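Remarks on the structure that follows.
The values are calculated or read from the model by the stated rules, or taken from the named source; none is laboratory data. Since the model is a prediction, treat every value here as computed from it, not as a measurement. Don't worry about glycine lacking a Cβ; one is built from the backbone with ideal geometry, like all the others, and counts go over all protein chains shown. Just the protein is used for accessible areas: all its heavy atoms, side chains included, with ligands, DNA and RNA removed. Shrake-Rupley method; radii C 1.70, N 1.55, O 1.52, S 1.80 Å.
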Amino acid sequence: MAAAMPSPSPVFVAGTGRSGTSRIADIIGEHPLIHRIPMETRFLVDPGGLRDLADALTDRYDPTVGEDALRRLSDFLTVRVPGRRDDRGKTVPELVGERRYRDAVQQLWPQLVAYTYDEAAPAEGFWDVDRPAGPFDPLSRRRVLPRYFSERSELLGILRGLIDTLFGGAAADAGKPTWCEKTPFNLLCMEFLWELVPEATIVHIKRHPVSVLASHLAQSWAPSTVDGALAYLKPVYHRWLTWKNTVDLTGRRYIEVKAEDLAADWPGQRRALFERLGVDDFATPSMFQSHKLTRRNNQFDDETREFIREALGEVIPAMGYE
């Protein structure tokens, strides 16, 4: 009888967007040992999230920068995250446990704050953009002096505790030992994610850049013209490729896969993916299918397609495509 594989490491899924990130995160989360956090949590790498805070309370610290970062994180975790619903009407707190979420966020602040005090408001309150004038103008406002962390690892340990509580707790509720979180622009934040969760595996799913661009044109949140989509995507590709050319990923827990390869040989590619994740193969309900990937192939006429290929230039071969 073969020995059971050890518990797998946590997983972050990354990509440009419209490259298969949601599908591969679903597949990974359908494995019996890995729980997918069912929506993009956003507060790790988005502006105002943990990545910005980590810089603001260490290398970029001054009292003003630190307070601004902490104020933005407070707004993120207490207003934006609980107020954002996925297509099923769920919020992140509901998906990881509302009591767990509330308690974890409340316990975070004392670990990040050095001192609080009340700043008196001007007598009249006029001409101060932070305090609207009028009879309800507050007499003071609460100010916060965040801690300065001379050892970045100490702060990362605190932030890691938040992740362990929220994501690890959600995985435990699902009866699974570890978790998978998907946000496309994890692609541009890999160093931070490995700082935060050193044992994590990052799965980067790629798709032909012309197909990625075609899919962006159909999204309400992306530019609707070819020129606009190129302006949106080219810097993403260039940032990723510039970073990749400066690091050695051979010793990292990093998996790079093509959506087209997954569709061409789904059972074999699935088996290889799970093996690299350190788990046994599992026949997941979700899969990659060629006909769904190729439906964008005829979206452009030959002239437009050639224009896009020329505009993307070296991006296409650099991403591993002809």
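Of note:
- Some residue of region 27-40 being at pLDDT below 95, in contact with a helix residue (DSSP H, G or I) (Cβ under 8 Å, 6 or more places away or on another chain) and open to solvent by less than 20 Å² (accessible area, probe 1.4 Å): yes
- Being out of contact with any strand residue (DSSP E or B) (no Cβ under 6 Å at 6 or more places or on another chain), surrounded by fewer than 20 Cβ atoms within 10 Å (Cβ to Cβ) and within 30 Å of Arg142 (Cα to Cα) is a property that holds for Pro82.
- Residue satisfying all of: in region 55-79; under 22 Å from Gly169 (Cβ atoms) and either touching a residue at least 60 places away in the same chain (Cβ under 8 Å) or of a type outside the set (A, V, I, L, M) (or both); least open to solvent (accessible area, probe 1.4 Å) among these: Phe76
- Any hit, region 226-235, residues being assigned to a helix (DSSP H, G or I), in contact with a Leu (Cβ under 7 Å, 6 or more places away or on another chain) and closer than 25 Å to Asp86 by Cβ: yes
- The sole residue among Arg296, Arg270 that is farther than 16 Å from Ala25 by Cα and not small (Gly, Ala, Ser) is Arg296.
- Candidates are the residues of region 101-125 that are open to solvent by 60 Å² or more (accessible area, probe 1.4 Å) and of a type in the set (Asp, Glu); the one that is farthest from the chain's Cα centre (by Cα) is Glu124.
Per-residue answers, yes or no, for (1) in a loop (DSSP other than H, G, I, E, B); (2) touching a helix residue (DSSP H, G or I) at 6+ places or on another chain (Cβ under 9 Å):
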| site | (1), (2) |
| --- | --- |
| Leu262 | no, yes |
| Phe282 | yes, yes |
| Pro285 | yes, yes |
| Phe288 | yes, yes |
| Thr294 | no, yes |
| Gln299 | yes, yes |
| Glu306 | no, no |
| Arg309 | no, yes |
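- First in region 160-177 and touching a residue at least 12 places away in the same chain (Cβ under 8 Å), second anywhere and assigned to a helix (DSSP H, G or I) and open to solvent by 60 Å² or more (accessible area, probe 1.4 Å), Cβ under 7 Å, 6 or more apart: Thr165/Arg100; Leu166/Arg100; Gly169/Arg100
- Candidates Trp243, Trp194, Trp221, filtered to the one that is open to solvent by less than 40 Å² (accessible area, probe 1.4 Å) and either without any contact (Cβ under 8 Å) to a residue 12 or more places away in the chain or assigned to a helix (DSSP H, G or I) (or both): Trp194
- Residues of region 248-267 classified as without any contact (Cβ under 8 Å) to a residue 40 or more places away in the chain, open to solvent by less than 50 Å² (accessible area, probe 1.4 Å) and under 20 Å from Thr201 (Cβ atoms), total: 1
- Sole exception among (1) within 14 Å of Ala170 (Cβ to Cβ); (2) crowded, with 16+ Cβ neighbours inside 10 Å for Glu98, by number: (2)
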